[in-house]
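Visitor: Dumping the structure here so I can ask a few things about it.
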Amino acid sequence: MNKLTLTLISFLLLNGIIFAQNAPSQREEVRQYKIQYDFQERVIFSYKMTCSTTIERTNSDNTKQTFNREVVVFLNYYRPSSLINGFAEVRTIFDSVTYRYDDGKTQYKWSSAGDDKFPECDDFMNVFFALPGKYYFTTISPYFEVAKIESERLDEMRKDIERIENPFYKATWEKVSSDENLNFYSDMNKNVIRAGRFAIDSTWKMKFTIPIEGIRFTCDTADVKFYLYDGKNFNIKAEMPTMYPNSNDSACVIGITNVMLKMDSTSNSKGFWDIAVSPRGMINKVIGNFETNANYIIKNAKISDKITTNIKYEFLNTLRYAD
């Protein structure tokens with residue numbers, strides 16, 4: 001064997017050893033994190049929920065209107081007992097609410113913590129339910145989905161609603177006290193967090209539904225991504241490129257009195273729901289944004305609304321329940 005051949009063999013062997021040392025091991029596993037959603041037993045969790053809405057309306061005669069509304073609700077969540085077969089019963093308590101409205105001509109501001117008069121505004125009825133003293137139980141499944149909403153007070157309220165004679169007010173209060181509306185407040189997760197262990201950049205699909213101006217919008221194949229762990233929170237974001245309204249839903253329309261309308265089939269929305277949840281399962285923050293094109297027909301005239309909805313849940317503090 002000549003020197004040239006020996007040198008070449010040595011070179012190849014040396015490079016093979018270096019490559020083997022630097023190459024990633026096939027046995028090396030990508031780190032996975034356990035993601036969960038939970039409320040610690042006998043601890044009160046306080047949150048601030050802000051929903052800001054801007055509606056730019058084009059009427060059938062091409063005139064324009066702009067409506068601005070902000071609803072701030074302080075909420076307490078409390079799990080009084082241990083899990084039952086993995087199901088958590090969480091009490092949702094409305095602590096206080098602030099309501100602001102501005103249509104360019106009329107402004108209202110009302111707080112349940114003050115002595116403000118009730119706004120003489122049909123739109124206010126949509127948030128009137130969220131007052132101190134109201135609460136209900138939300139049962140959350142082991143898969144972090146809402147399985148049931150119930151309470152004796154809620155049953156009593158719904159019985160009172162059945163006795164309302166004015167059909168418009170009856171329909172309005174039925175909407176306000178419906179499971180779909182209450183779920184908006186009690187379910188911060190919206191089915192985004194999935195139980196299990198996941199690596200960063202893991203993705204999955206899910207069905208996402210949220211009420212926008214009283215109408216349920218749904219995306220059957222929302223794109224969810226666990227995109228960041230910052231040392232404090234797992235950050236998970238659902239993106240809904242297209243959402244469509246429920247064809248059976250009708251709701252009060254801001255600026256239009258004594259009528260509930262459906263959105264037509266050309267209406268659509270898009271948006272995202274971004275959650276920051278701690279390793280212990282406590283949601284610290286949620287940010288949601290939705291851009292909606294809503295079209296209504298009233299008395300053979302078309303109304304088109306461009307709706308921008310910004311929603312934010314912020315964790316405030318905890319208080320351990322005294323024995």
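Visitor: Among 167, 245, 142, which one moves the most in a GNM of the chain with springs linking Cα atoms closer than 10 Å?
Guide: 167
Visitor: Test of understanding: what is the full-extension gain from residue 33 to residue 64, defined as 0.36 nm times their sequence separation minus their Cα-Cα distance? Please report the intermediate quantities before stating the final value.
Guide: Values: separation 31, 0.36 × 31 = 11.16 nm, distance 5.01 nm.
So the chain would gain 6.1 nm between residue 33 and residue 64.
Visitor: Let me ask another. Between residue 83 and residue 310, what is the label-to-label distance in nm when each label sits 7 Å out along the Cα-to-Cβ direction?
Guide: Taking the simple label geometry, residue 83 and residue 310 are separated by 3.7 nm.
Visitor: Turning to a different aspect of this structure: Name all residues of the range 280-316 having a backbone nitrogen under 11 Å from the label point set 7 Å from the Cα of residue 56 along its Cα→Cβ direction, giving them as ranges.
Guide: Inside the label zone: 306-308.
Visitor: Can you pull the one-decimal nm distance between simple spin-label points at residue 143 and residue 40, each 7 Å off the Cα toward Cβ?
Guide: Each label point is offset 7 Å from its Cα along the Cβ direction, giving 2.9 nm.
Visitor: Go ahead and collect, in residue order, the members of the range 300-318 whose backbone nitrogen is under 18 Å from a label point 7 Å along the Cα-Cβ direction of residue 113.
Guide: Label zone hits: 312-318.
Visitor: Quote the charge dipole size of the chain about the Cα centre in Debye, to the nearest 20; the model charges only the Cβ of Lys and Arg (+1) and of Asp and Glu (-1). Walk me through the numbers before you get to the answer.
Guide: Details: 41 positive and 41 negative charges, 206 e Å.
The dipole magnitude comes to about 980 debye.
Visitor: Now, a different point. For the range 231-262 and the range 174-226, what is the separation of their Cα centres, given in Å?
Guide: The two parts, judged by their Cα centres, are 11 Å apart.
Visitor: What distance in nm separates the simple spin-label points at residue 280 and residue 155, each placed 7 Å from Cα in the Cβ direction?
Guide: Here the answer is 3.5 nm between the modelled labels.
Visitor: Right, next: Please give the net charge around residue 190, taking every other residue with its beta carbon less than 13 angstrom from that of residue 190, where Lys and Arg add +1 and Asp and Glu add -1.
Guide: On the way: positive: 194, 207, 216, 237; negative: 145, 180, 187, 239, 274.
Around residue 190, the surrounding residues sum to -1.
Visitor: Let me ask something else about it. Work out, step by step, the length gained on full extension between residue 230 and residue 299: first 0.36 nm times the residue separation, then minus their alpha carbon distance; give nm to one decimal.
Guide: 19.5 nm
Visitor: Further question on the same structure: If you project the alpha carbons of the chain onto the principal axes, what extent comes out on each, in Å, largest first?
Guide: Ordered largest first, the chain gives principal extents of 105, 61, 32 Å.
Values quoted throughout were computed directly from the atomic coordinates according to the rules given, and no laboratory measurement underlies them. For clarity, every value in this text was computed on a predicted model and none was experimentally measured. For neighbour counting, all protein chains shown are included, and Cβ atoms are generated from backbone atoms with ideal geometry for every residue, glycine included.
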